[in-house]
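Participant: Handing you a structure now.
The values are calculated or read from the model by the stated rules, or taken from the named source; none is laboratory data. For clarity, every value in this text was computed on a predicted model and none was experimentally measured. No Cβ is skipped: glycine too gets one built from the backbone with ideal geometry, and neighbour counts run over all protein chains shown. Remember, those area values only see protein heavy atoms, side chains included, never the ligands or the DNA or RNA. Shrake-Rupley method; radii C 1.70, N 1.55, O 1.52, S 1.80 Å.
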Amino acid sequence: MTDQQQIETLRKELRQHNHNYYVLDTPTVSDYEFDLLLKKLQELEQKHPEFHDPTSPTLRVGGAVTKNFETVVHDHRMYSLDNSYSKEDLEDWEKRIARVLGDAEVTFTCELKYDGASISLTYENGQLARAVTRGDGTQGDNVTTNIKTIKSVPLQLKGDYPPKFDIRGEIVLPFEGFALMNKERIANGEEPYMNPRNTASGSLKLQDSALVAQRPLDCLLYGIVGEKTGIESQWQMLEKARDWGFKVPTVAKLCKTVEEVLEFVEYWDLHRHDLPYETDGVVIKVNNLQQQDELGFTSKSPRWAMAYKFKAEQVSTVLNEITYQVGRTGAITPVANLQPVLLAGTTVKRASLHNADQIAKLDIREKDTVFVEKGGEIIPKIIKVDLGKRPAGSVPTNYIDHCPECGTPLTRTEGDAKHYCTNYYGCPPQITGRIQHYISRKAMDIEGMGSETVELLFKEGLITNYADLYTLTKEQVMPLERMAEKSAENLVKGVAASVQIPFERVLFALGIRFVGETVAKKLARAYKNIDMLMNASEEELVAVDEIGERIARSVVEFFRNQTNVETVERLKEYGVQFSLSEAQLENQTDTLKGLTVVVSGVFETVGRSELKKLIEDNGGKVGASISSKTAYLVAGDKMGPSKRSKAEGLGVPIISEQEFLGLLQ
Ligand code: AMP
Ligand code: ZN
């Protein structure tokens, strides 16, 4: 088989695997096997840039950055839907339809109304040409680079698709992925996102498509517009779209009567919580496309479709008490403690109140009867107060001004919704929170120790910061609740073993606000050891790729604090890793510091990925495309002529692989 044939075979195979996994939810190979195939394709594509294909499965990882999204006029307007809330509403709609269609028999397709961000995808000759947001319905933003990273969006269709058409759908963020994202944000000391819908639509407008690629977004399709050659009904359209490779949920039903429609609505109103993503109703459409045409549109919405909104699941209950939680970073979160009540299948005891403004806005008070609603959030929220039931003599909530755990006066900075306790070293939940973060799996991964153990050790006065962990002895730990000789031994061993954890993870473990896993890696790479990092100024930090002002300020503040410096010194004495290892350091220089280098073409001596690594190891940045900021273009064999002329036009030096290696000597 020639390389070209092999590339084509691999692309086809990988497309099918992607489809099985992301669209059908039934993978037929292991992740490992998939990765092997993908790697093989990547290598072949690198060797043969001349076989570039914009729909290749290797292009799903993103990387392109869009500063301003281009405005695009929709070929076919994106309409709203009329809403209905009752059997009567639906019967009225049926009568309006009959007035236009007379006695003709009418059937309905019922689909779920997915709650995310609307999207319109244009396919030309079976390839994704454009993805545009709904915008104002007439024109939206071109977000193609971001949409291409969503694995359930086919880049290349199969079967008997028309040469050109638009397909409409909804970009959603399934609950599970949303919860994972928030878990990570909390671990990084960031505010969790409020709900999946807003996060999904926010994702579409991210400038960096590589960030979009990391989000577990999904694309659910429901309608084709334009040339519908041969398709006669909405139902058939759903089937066709599925055949061509789109993800079209199978939860849909063809109904003959309004009664049947209502059964479908009632069923899903009850069972929608079993679905992996948010829905806010059912969309009912006249099935026959000929009839749809006859019915047409009003100025806002199709006459042939109707949304039936689920009743938001609300219950009313009594708010017994407002309590306040203190997080690892000192952020205060008010919590409503409720009279337990059943909501959407679970017993609810608590609801988030978010912050002081939220309490004031809704005028929420203790002993009030409140309406609680469950949206996509993990813990439910309070919608409003039942004022009619407010007890006599009730007074407005006085938001706390001192920390409930340590009594320190709270502060609140301009533009921050939350109050903070600044007693960094004396406030118990902040102390234990930091130690719990330090020992966590993605940080120092200390075995034999959990969150409760940290609290116990702290209560017993055995630890007040994470450096103290290294002084613990078996004898000290054994008397603790639920500890035995063996578990105490394991704990001490686990702590001792953590000195092997590499520098970048230690940096993450320190719990510097806004320094998550990725940022810690970047900083470790850029500064190589803790002393260099400690001495870095805000300006220097910001110069590091992807480090913004907020992170830079936080790092400088952390090391300006003498106690933090002392803790780090102690950790050093215990043998914790505070510099990149020999192996990591070897080959690292600052030769290319501040320089962006673009690599293009095929190389002989070292491969492309090796070249990129060399650039990064020597302090440079790998550029995705040529701009006036590019310091060098390393040109290999078979580099495209447009790249060459662009570099020449901008005066970017074009150097060979040998010349580049020479630079590093
Ligand atoms: P609205 O924004 O309330 O007027 O509702 C219209 C929106 O519902 C459309 O823009 C779609 O993005 C969305 N929608 C979600 N699911 C469906 C579906 N199955 N059929 C049609 N529209 C849907
Ligand atoms: Zn406090």
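Participant: Find the residue count for the range 416-452, including only residues that are hydroxyl-bearing (Ser, Thr, Tyr) and surrounded by 22 or more Cβ atoms within 10 Å (Cβ to Cβ).
Facilitator: 1
Participant: Could you tell me whether the range 209-222 includes any residue that is among the basic types (Lys, Arg) and in a loop (DSSP other than H, G, I, E, B)?
Facilitator: There is at least one residue in the range 209-222 that is among the basic types (Lys, Arg) and in a loop (DSSP other than H, G, I, E, B).
Participant: Further, regarding this structure: Being small (Gly, Ala, Ser), under 30 Å from residue 521 (Cα atoms) and more than 16 Å from ligand 1 (Cβ to nearest atom) is the requirement here; does residue 426 meet it?
Facilitator: When the stated conditions are applied, residue 426 passes them.
Participant: For residues in the range 225-259 being within 16 Å of ligand 1 (Cβ to nearest atom), outside any strand (DSSP E or B) and of a type in the set (S, T, N, Q), which is surrounded by the most Cβ atoms within 10 Å (Cβ to Cβ)?
Facilitator: Only one residue fits best here, namely 234.
Participant: Related question: Mind counting the residues in the range 133-156 that are farther than 19 Å from residue 244 by Cβ, touching a residue at least 24 places away in the same chain (Cβ under 8 Å) and within 16 Å of ligand 1 (Cβ to nearest atom)?
Facilitator: Of the residues in that region, 9 qualify.
Participant: Here are some conditions: (1) open to solvent by 40 Å² or more (accessible area, probe 1.4 Å); (2) farther than 16 Å from residue 95 by Cα; (3) out of contact with any strand residue (DSSP E or B) (no Cβ under 8 Å at 6 or more places or on another chain). Residue 301 meets all but one. Which one does it not meet?
Facilitator: (1)
Participant: Would you mention how many residues in the range 649-665 are surrounded by fewer than 13 Cβ atoms within 10 Å (Cβ to Cβ) and assigned to a helix (DSSP H, G or I)?
Facilitator: 3
Participant: While we're on this one: Mind checking which pairs have a first residue in the range 199-224 that is open to solvent by 30 Å² or more (accessible area, probe 1.4 Å) and a second that is modelled with pLDDT under 90 and of a type in the set (Val, Ile, Thr), Cβ under 6 Å, 6 or more apart or different chains?
Facilitator: Once the first residue is open to solvent by 30 Å² or more (accessible area, probe 1.4 Å) and sits in the range 199-224, its partners that are modelled with pLDDT under 90 and of a type in the set (Val, Ile, Thr) give 207/65; 207/66; 208/65.
Participant: Would you please list the contacts, defined by Cβ atoms under 8 Å and residues six or more apart or on different chains, that run from a residue in the range 18-43 that is open to solvent by less than 40 Å² (accessible area, probe 1.4 Å) to a residue that is polar (S, T, N, Q) and assigned to a helix (DSSP H, G or I)?
Facilitator: As it stands, the answer is 38/58; 41/58, since those pairs meet every condition given.
Participant: Is it the case that some residue within the range 32-39 is over 20 Å from residue 246 (Cβ atoms) and in contact with an Asp or Glu (Cβ under 9 Å, 6 or more places away or on another chain)?
Facilitator: Yes, because at least one residue in the range 32-39 is over 20 Å from residue 246 (Cβ atoms) and in contact with an Asp or Glu (Cβ under 9 Å, 6 or more places away or on another chain).
Participant: Are any of the residues in the range 616-635 open to solvent by 60 Å² or more (accessible area, probe 1.4 Å), part of a helix (DSSP H, G or I) and not aliphatic (A, V, I, L, M)?
Facilitator: Yes, some residue in the range 616-635 is open to solvent by 60 Å² or more (accessible area, probe 1.4 Å), part of a helix (DSSP H, G or I) and not aliphatic (A, V, I, L, M).
Participant: Select from the range 519-553 the residues that are modelled with pLDDT of 90 or more and among the small types (Gly, Ala, Ser) and write down the one among them that is most open to solvent (accessible area, probe 1.4 Å).
Facilitator: 537
Participant: Kindly indicate whether any position in the range 597-604 is more than 34 Å from the chain's Cα centre (by Cα) and without any contact (Cβ under 8 Å) to a residue 24 or more places away in the chain.
Facilitator: So far as the range 597-604 goes, no, none of its residues is more than 34 Å from the chain's Cα centre (by Cα) and without any contact (Cβ under 8 Å) to a residue 24 or more places away in the chain.
Participant: Look at residue 275 and say whether it is within 16 Å of ligand 1 (Cβ to nearest atom), open to solvent by less than 40 Å² (accessible area, probe 1.4 Å) and of a type in the set (A, V, I, L, M, F, W, C).
Facilitator: Values: within 16 Å of ligand 1 (Cβ to nearest atom): yes; open to solvent by less than 40 Å² (accessible area, probe 1.4 Å): yes; of a type in the set (A, V, I, L, M, F, W, C): yes.
Answer is yes for this residue.
Participant: Only residues that are open to solvent by less than 30 Å² (accessible area, probe 1.4 Å) and assigned to a loop (DSSP other than H, G, I, E, B): list them for the range 493-517, please.
Facilitator: Of everything in the range 493-517, those that are open to solvent by less than 30 Å² (accessible area, probe 1.4 Å) and assigned to a loop (DSSP other than H, G, I, E, B) turn out to be 501, 510, 511, 512, 515, 516.
Participant: May I ask you to list the residues in the range 465-492 that are open to solvent by 60 Å² or more (accessible area, probe 1.4 Å) and either at pLDDT 95 or above or at positive phi (or both)?
Facilitator: 471, 482
Participant: May I ask you to list the residues in the range 157-198 that are surrounded by fewer than 20 Cβ atoms within 10 Å (Cβ to Cβ), within 15 Å of ligand 1 (Cβ to nearest atom) and at pLDDT below 90?
Facilitator: Scanning the range 157-198 gives a single hit, 198.
Participant: Quick one: which strands (runs of 3 or more DSSP E) lie wholly within the range 329-448 and hold at least 1 residues that are within 16 Å of ligand 2 (Cβ to nearest atom)?
Facilitator: The strands (runs of 3 or more DSSP E) meeting that bar are 332-343.
Participant: Here's a follow-up. Consider the range 275-321. How many of its residues are among the aromatic types (Phe, Trp, Tyr), part of a loop (DSSP other than H, G, I, E, B) and more than 30 Å from residue 195 (Cβ to Cβ)? First the steps, then the outcome.
Facilitator: So in the range 275-321, the residues among the aromatic types (Phe, Trp, Tyr) come out as 277, 297, 304, 308, 310.
Retained after the next criterion (residues that are part of a loop (DSSP other than H, G, I, E, B)): 277, 304, 310.
This time we only want the ones that are more than 30 Å from residue 195 (Cβ to Cβ), so: 304.
Summing the residues that are among the aromatic types (Phe, Trp, Tyr), part of a loop (DSSP other than H, G, I, E, B) and more than 30 Å from residue 195 (Cβ to Cβ) in the range 275-321 gives 1.
Participant: Right, another one. Taking the range 18-50 only, how many residues are under 19 Å from residue 152 (Cα atoms) and either outside any helix (DSSP H, G or I) or aliphatic (A, V, I, L, M) (or both)?
Facilitator: 10
Participant: Going residue by residue through the range 141-154, is there one that turns out to be in contact with a Ser or Thr (Cβ under 7 Å, 6 or more places away or on another chain), closer than 16 Å to residue 224 by Cα and open to solvent by 20 Å² or more (accessible area, probe 1.4 Å)?
Facilitator: No, every residue in the range 141-154 fails to be in contact with a Ser or Thr (Cβ under 7 Å, 6 or more places away or on another chain), closer than 16 Å to residue 224 by Cα and open to solvent by 20 Å² or more (accessible area, probe 1.4 Å).
Participant: Still on this structure, I have one more. If I ask for residues that are over 23 Å from residue 618 (Cβ atoms) and acidic (Asp, Glu), which ones from the range 519-569 would you list?
Facilitator: Residues satisfying the conditions are 538, 549, 557, 566, 569.
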